[in-house]
Amino acid sequence: IGTGTGIISILLSKKANIKKIYGIEIQQEVANMAERSVKLNNLEDKISIINTNIKDIFDKFEPNTFDAIVTNPPYMKLNTGAKSDEIKKLISRHEVECNLEDIIKISYKLLKSRGEFYMVHRAERIVDILYLMRKYKLEPKKIRFIQSKVNKEPNLLLIKGVKDAGNQLKIERPLVVYNEDGSYTDEILEIYHKK
């Protein structure tokens, strides 16, 4: 959900044994870029890009259809932070067309029982995220904070939830992106198969 130019869908198709990936993107121009990326990587049989608002997703898919949902939603509440004059960036960064609650509520409906929900978001939104996930029965199971360097505060988080699961949350050790010299950490290199 919020596939952007398709990079997460493409990476997932290479890393996991997935039959089919649907990338949902509201912005036509961005969805077109995602489609071009899919074609350039010869992944048309594995990835389909759908240009629609997630609020209209049930025109295309039945509830309880998906095994997993991955989302990198707009991080900023509508009236917060610096706003871009460019509409494409504004929609990507701010909750203009949908908000966090829309994404979590719709994800719950789309997932099969025990389906998995994965999201990257701002660490500062953790209270909203946990509240809404529990409200819509996407029980938080794992959280991992991301920080640029070892001595920096986390700015992002990765979270996994499971539909209709019991409550037990594991906080994993932080993912550190850069070494002190500015080079990528070994773990980041391993994630991208560069080591």
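The values are calculated or read from the model by the stated rules, or taken from the named source; none is laboratory data. Just so it is clear, the structure is predicted and the values come from calculations on it, not from any experiment. FYI the Cβ positions are ideal-geometry reconstructions off the backbone, even for glycines, and counts take in every protein chain you see. To get the accessible areas, we keep the full protein, side chains included, count just its heavy atoms, and leave off ligands, DNA and RNA. Shrake-Rupley method; radii C 1.70, N 1.55, O 1.52, S 1.80 Å.
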Looking at segment 167-192, I want the residues that are within 16 Å of residue 11 (Cβ to Cβ) and have a partner that is part of a loop (DSSP other than H, G, I, E, B) and charged (D, E, K, R) with Cβ atoms under 6 Å, at least 6 apart or on another chain. Which pairs are those?
189/195
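Within segment 18-36, which residues are of a type in the set (D, E, K, R) and either touching a Leu at 6+ places or on another chain (Cβ under 8 Å) or open to solvent by less than 90 Å² (accessible area, probe 1.4 Å) (or both)?
Within segment 18-36, 20, 25, 35 meet the criteria.
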Within segment 98-143, which residues are basic (Lys, Arg), open to solvent by 80 Å² or more (accessible area, probe 1.4 Å) and part of a helix (DSSP H, G or I)?
109, 134, 135
If we keep only residues of segment 4-17 that are at pLDDT below 90 and assigned to a loop (DSSP other than H, G, I, E, B), then the residue least open to solvent (accessible area, probe 1.4 Å) is 4
From the residues in segment 144-195 that are in a loop (DSSP other than H, G, I, E, B) and β-branched (Val, Ile, Thr), which one is most open to solvent (accessible area, probe 1.4 Å)?
150
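Please find, within segment 13-30, the residue that is farthest from residue 110 (Cα to Cα) out of those that are in contact with a Gly (Cβ under 9 Å, 6 or more places away or on another chain) and not aliphatic (A, V, I, L, M).
Within segment 13-30, the first condition is being in contact with a Gly (Cβ under 9 Å, 6 or more places away or on another chain), and the residues that meet it are 23-27, 30.
Still in the running and not aliphatic (A, V, I, L, M): 23, 25, 27.
Values: 23: 14, 25: 16, 27: 21 Å.
By that ranking, first place goes to 27.
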Subset tally (residues that are under 17 Å from residue 120 (Cβ atoms) and either of a type outside the set (A, V, I, L, M) or modelled with pLDDT under 95 (or both)) for segment 174-195
5
Just for segment 84-97: of the residues that are open to solvent by 60 Å² or more (accessible area, probe 1.4 Å) and modelled with pLDDT under 50, which one is farthest from the chain's Cα centre (by Cα)?
89
Among the residues of segment 130-157 satisfying the criterion of being among the aliphatic types (A, V, I, L, M) and in contact with a Gly (Cβ under 9 Å, 6 or more places away or on another chain), which is nearest to residue 99 (Cα to Cα)?
133
So if I check each of 140, 154, which one is farther than 25 Å from residue 66 by Cβ and either in contact with a helix residue (DSSP H, G or I) (Cβ under 7 Å, 6 or more places away or on another chain) or among the basic types (Lys, Arg) (or both)?
154
Pairs with Cβ under 7 Å, 6+ apart, first in segment 137-153 and at negative phi, second aromatic (Phe, Trp, Tyr) and not in a strand (DSSP E or B):
138/108
Close pairs (8 angstrom Cβ cut-off, 6 or more residues apart or separate chains): part of a loop (DSSP other than H, G, I, E, B) in segment 43-59, open to solvent by 30 Å² or more (accessible area, probe 1.4 Å) anywhere:
46/18; 46/19; 46/20; 52/26; 52/59; 52/60; 53/26; 53/97
